[in-house]
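Inspection log for the structure reproduced underneath, given as structure tokens.
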Amino acid sequence: MNINNNLIKIIFLMILSTEIGQSLNPVERSAQSSVLVDKRIYFFGGESFRSKKTTSALDQILYLDVSKPFNTVSPPFEEIINVPIPFGSSFATAFFSPQKNVIYLFGGIMVDANTNLDIYKPVLHSYNLETREWTIPTTNGFEPTRRRGINGVINKETGKFYVFGGWEQINGQNNYTVYNDMIVFDTISLTWSKGSTINVPLPRVDYTATLLSNGIIVFIGGKDNNFRDVDINQLALYDTKVDEWSIMTARGVTSENRSSHSAVLTPDERIIIFGGHKVPNDVPALYQLAVLDTKTTPYEWSIPQVSAIGNMPLTISAHSATLVDNYMFINFGQLAPFNNPQMQLPFFYILDIRNFTWVTQFEPEQLSQLPNSTNTVNTSNTNSPGKQIGIILGTVSLSVVVGIVVGLLGYKYYKKQRENETEDPFGKWKENETKLSVSPISVSGEWTLTAFKFAM
């Protein structure tokens, strides 16, 4: 009986040693919310054809650790399984408050993840990164109406969050309201307010919003209140310092109109946009990438020369874009035709913004800059099948080595127990009886792994 117990323990350790290092293979999704906090990108909800629950709106929280190198073939996604979103969420916007170490989730679709029924809850929810708890903040001022198809920004110095427009469905498929108000939320005092209505743009959805270092928010593209394309060369600007709206006509290359695209701001104040589609036929934008230089007056559009044509990504919409060091991460999204589940995948692309090269290998800057480090970026080789096979073989080899070591230790332990039985099968066995103690170990601060320790 004791022999069988020892074998079970050894097998358990071998399984545990291989399972801890495995990453999640996420389902496809689009219209999720994302935010970068330190060295993690958090993804909230999204719409998925492969949802395991009744609703297509996911209540799942994923994160991607960008402190370590990885390949887009097997990115290290993890799921926070013990504290999902309290509802199915999509078409919302998320932002991080560094003063409170809290991620806020504003607006979007909110449905019961099990029944698919609409949940008319407050528009703002908060996720505390320390306590791992969801709460509904008690706020001051007039709370805005719920809306979707939005993109908000936060000034991390003042703690003020800004979101413009969006739309809300009212009791029916074709009954809706499209907004053109500027909502302001002070994360310090938890107070709602509204921006100026003078020279405010027309209602807008599915745009991008980018906050420049001078306090100006640049709104690019999207759709108007009739769900027609907004002229992407007519830039709506909101000055957060003086609460004023203005319109600027961009010069340079005439960029294509688009909506449901993404945007990131580079350290030298260039806005890079990716993807998106045109209405009414959901035709993907011809030029995937466009760059807006905000250091000139007026701002100037250009189309970058992109390397690695053979590795060109698909033009997707309703995805996430995050700038990590000198890399633009593009995650998930939808590919036209949007109603075809077979076309949708958990897309993941990485753009090196220094030379506009699409790569598949990510190397954090702190690793690539170490002297004599082998973790360097080589854009000419990152897409080779040989490197991908090497990663797979390396992972398998590591698992085999760990299994052998655990097996040898287990055999040594088993042999020692047999020797004890031989010395005094009825006397010393009681004293040396193997005991199993259980202690919780916190892994990454998000879930608890129970470790089994053998005591003699």
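The values are calculated or read from the model by the stated rules, or taken from the named source; none is laboratory data. Being a predicted model, the structure only gives us computed values, none of them experimental. We place every Cβ from the backbone using ideal geometry, glycine too, and count neighbours over all the protein chains shown. Keep in mind that these areas ignore ligands, DNA and RNA; they rest on the heavy atoms of the full protein, side chains included. Shrake-Rupley method; radii C 1.70, N 1.55, O 1.52, S 1.80 Å.
Count neighbours as other Cβ atoms within 10 Å of each site's Cβ, and list the trypsin sites (Lys or Arg not before Pro) in the range 271-371 that are DSSP loop with at most 15 such neighbours. Walk me through the numbers before you get to the answer.
Details: sites: K278, K295, R354; in loops: K295, R354.
Answer in residue order: K295, R354.
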Between Q366 and M312, with labels modelled 7 Å along Cα→Cβ, what's the label distance in nm to one decimal, could you check? 3.7
Rounded to the nearest 10 Å², what accessible area does D181 show when all protein chains are kept and the probe is 1.4 Å? 30
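Output the relative contact order of the range 32-127, whole-number percent, from Cα pairs under 8 angstrom with separation of 6+ residues. Write out the running numbers ahead of the final one.
Working: 212 pairs, mean separation 25.4, N = 96.
In percent, rounded to a whole number, it is 26.
Counting Lys and Arg as +1 and Asp and Glu as -1, what is the net charge of the other residues whose Cβ lies under 15 Å from the Cβ of G141? It would help to have the intermediate numbers written out before the result.
Numbers: positive: K160, K194; negative: E143, D181, D186.
That sum, taken over residues with Cβ under 15 Å, equals -1.
Is the range 83-173 rounded, prolate or oblate when judged by the Cα gyration tensor, a ≥ b ≥ c being the square roots of its eigenvalues, rounded requiring a/c under 1.5 and prolate requiring a/b larger than b/c? Working shown, then result.
Numbers: a/c = 2.04, a/b = 1.30, b/c = 1.57.
Here the range 83-173 falls in the oblate category.
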Would you kindly find the accessible area of F91, with a 1.4 Å probe and non-protein molecules such as ligands, DNA and RNA excluded, rounding to the nearest 10 Å²? 80
Over the range 95-149, relative contact order from alpha-carbon pairs under 8 Å, at least 6 apart, %: 33
Pairs K160/K278; K52/K223; K160/K295; K53/K156; K156/K194: which exceed 30 Å Cα-Cα? K160/K278; K52/K223; K53/K156
If you average the alpha carbon positions of the range 177-238 and of the range 118-175, how far apart do those two centres end up, in angstrom? 15
Just grab the label-to-label distance for K295 and E79, each label 7 Å out from Cα along the Cβ direction, in nm (one decimal). 4.5
Sequence-separation-based contact order of the range 74-173, relative, with Cα cut under 8 Å and 6+ spacing, percent: 24
Zone residues, the range 125-157, relative to Q99, backbone N less than 12 Å from point 7 Å out along Cα-to-Cβ: 155-157
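Once fully extended, how much extra length lies between I170 and T266, figured as 0.36 nm per residue of separation less the alpha-carbon to alpha-carbon distance?
Details: separation 96, 0.36 × 96 = 34.56 nm, distance 3.85 nm.
Gain in length upon complete extension: 30.7 nm.
What ranking do 135-142, 209-216 get when scored by the average of other Cβ atoms within 10 Å per residue, highest first?
209-216, 135-142
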Need one number: nm distance between label points at I188 and I247, each 7 Å from Cα along Cα→Cβ, rounded to one decimal. 3.5
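Could you order M312, M110 so the one with the most accessible surface comes first? Probe is 1.4 Å.
On the way: M312 75, M110 0 Å².
If we order M312, M110 from most to least accessible, we get M312, M110.
For the range 162-265, just say rounded, prolate or oblate: build the C-alpha gyration tensor, square-root its eigenvalues into a ≥ b ≥ c, call rounded for a/c under 1.5, and beyond that prolate if a/b exceeds b/c, oblate if not. Before the final figure, lay out each step's value.
Details: a/c = 1.78, a/b = 1.01, b/c = 1.77.
Oblate.
Just add up the charged neighbours of I216: K/R +1, D/E -1, any other residue whose Cβ is under 11 Å from the Cβ of I216.
Values: positive: K241; negative: D239, E244, E269.
Taking every Cβ under 11 Å from that of I216, the sum is -2.
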So what's the net charge close to L286: Lys and Arg +1, Asp and Glu -1, counting the other residues with Cβ under 12 Å from its Cβ? +1
Among L335, L235, what's the order by accessible area (1.4 angstrom probe), most exposed first? L335, L235
